[in-house]
1. Is there a residue in the stretch 248-258 that is assigned to a loop (DSSP other than H, G, I, E, B), within 29 Å of ARG35 (Cβ to Cβ), without any contact (Cβ under 8 Å) to a residue 24 or more places away in the chain and open to solvent by 60 Å² or more (accessible area, probe 1.4 Å)?
2. Run TYR241 past the list (1) closer than 19 Å to LEU325 by Cβ; (2) among the aromatic types (Phe, Trp, Tyr); (3) part of a loop (DSSP other than H, G, I, E, B) and report the number of the one that doesn't hold.
3. As an exercise: evaluate LEU139 against (1) closer than 20 Å to SER202 by Cα; (2) part of a strand (DSSP E or B); (3) open to solvent by less than 70 Å² (accessible area, probe 1.4 Å) and give the number of the one condition it does not meet.
4. From (1) part of a loop (DSSP other than H, G, I, E, B); (2) surrounded by 19 or more Cβ atoms within 10 Å (Cβ to Cβ), pick out the condition that doesn't hold for GLY219.
5. Applying the selection to the stretch 109-132, what residues are open to solvent by less than 70 Å² (accessible area, probe 1.4 Å) and over 24 Å from ARG168 (Cα atoms)?
6. How many residues are touching a strand residue (DSSP E or B) at 6+ places or on another chain (Cβ under 7 Å) and open to solvent by less than 40 Å² (accessible area, probe 1.4 Å) if we restrict to the stretch 50-106?
7. So SER17 ticks every box in (1) assigned to a loop (DSSP other than H, G, I, E, B); (2) polar (S, T, N, Q); (3) at pLDDT 95 or above but one. Which box is left unticked?
8. Please verify whether ARG316 is free of Cβ contacts under 8 Å to residues at least 60 places away in the same chain and open to solvent by less than 90 Å² (accessible area, probe 1.4 Å), treating the condition exactly as stated.
Amino acid sequence: MYYYYINHAVIANMSASSSIPLKIMKATKTKIQRRAISGVFLLNKPLGISSNSALQKVRYLYRALKAGHTGALDPLASGLLPICLGEATKFSHYLLDSNKRYRTVVKLGAQTSTGDTEGEVVASKAVPTLTTALIEQVLDAFRGDTTQIPPMYSALKKQGRPLYELARQGIEVERESRPVHISQLTLIEFDQDSITLDVTCSKGTYIRVLGEDIAQALGSVGHLTALHRTQTGHFALIPEYTIEYLESLTEEQRMALLMPAYAPVEHFPQIQVPEGRAEFFSNGMESNIEHAAAEQVLVFDGERCLGLAEITDRKRLVPKRVLNL
């Protein structure tokens, strides 16, 4: 038989004459009781930690069984990182594929191996005299549809290996350019050797590469010294939603901050399930419906969201993502 104790104080308070076999006692850690909760928390990720570390911290504080984030931020980047808990993970890819908005600072005159302050300086070049007219002329060339060559320091894979692993070994491989879309590129401010920009872009856009390309177009070289995400899809950053703030709250207060599991797609058209068909929908079964064809609709039974569906041109309601709430 084994005896389990949470701390040494219990053992210390036992009398010497106790018959319990002390030599076989062993302490155990209190196990976290995970729970099946669902929702979205709009974390303001701090500098210095990975997106996965931030995700695991939020998951721990909510004691959630399942969690995922919606687009990684490097440790040297901060800002909005939507965390999907439980059933909300079924919709996380809609945010992964959405536009993102950033505020960034490009330091001119020095290029680094990583495109940010983490790398070593690999090239230096004089900075031209900056004017609003010159910067705007350069920025205009990057607005709209453009192409980028992904950086070596990225999570893209070559023959199953992340490029950053190869880069750390001093290996550089050829990368194909790929299309991206810059829907907004606004000059916020500048001084003699740096510019601050507000960027809204499509998924897969590397702001580090954008900064380097802008610096080159200005006749110099450059790297990022700051990157802060302010928007993901239709979600905007809430600055006070930090890990420290979440830690300071009671469990009830934390729960009040969660958005619904369907929040990533809450902007989709919403319809009511045909009468008497809620259970059938939840079991993944199609139904007839008197509604115009629609590629994506959120289906409700009263105020309860059942999931995401498609309405075909044959007026069939076809479940695509079913929520088990």
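The values are calculated or read from the model by the stated rules, or taken from the named source; none is laboratory data. Predicted model, so just to flag it, every value in this text is computed and none were measured. Every residue, glycine among them, receives a Cβ derived from its backbone with ideal geometry; neighbour counts consider all protein chains shown. SASA here: full protein model, heavy atoms, side chains in, ligands and nucleic acids out. Shrake-Rupley method; radii C 1.70, N 1.55, O 1.52, S 1.80 Å.
1. Within the stretch 248-258, one or more residues are assigned to a loop (DSSP other than H, G, I, E, B), within 29 Å of ARG35 (Cβ to Cβ), without any contact (Cβ under 8 Å) to a residue 24 or more places away in the chain and open to solvent by 60 Å² or more (accessible area, probe 1.4 Å).
2. (1)
3. Going through (1) closer than 20 Å to SER202 by Cα; (2) part of a strand (DSSP E or B); (3) open to solvent by less than 70 Å² (accessible area, probe 1.4 Å) one by one, LEU139 breaks only (2).
4. (2)
5. Result: VAL127, PRO128, LEU130, THR131.
6. 32
7. (3)
8. Working: free of Cβ contacts under 8 Å to residues at least 60 places away in the same chain: yes; open to solvent by less than 90 Å² (accessible area, probe 1.4 Å): yes.
Spelling it out, ARG316 is indeed free of Cβ contacts under 8 Å to residues at least 60 places away in the same chain and open to solvent by less than 90 Å² (accessible area, probe 1.4 Å).
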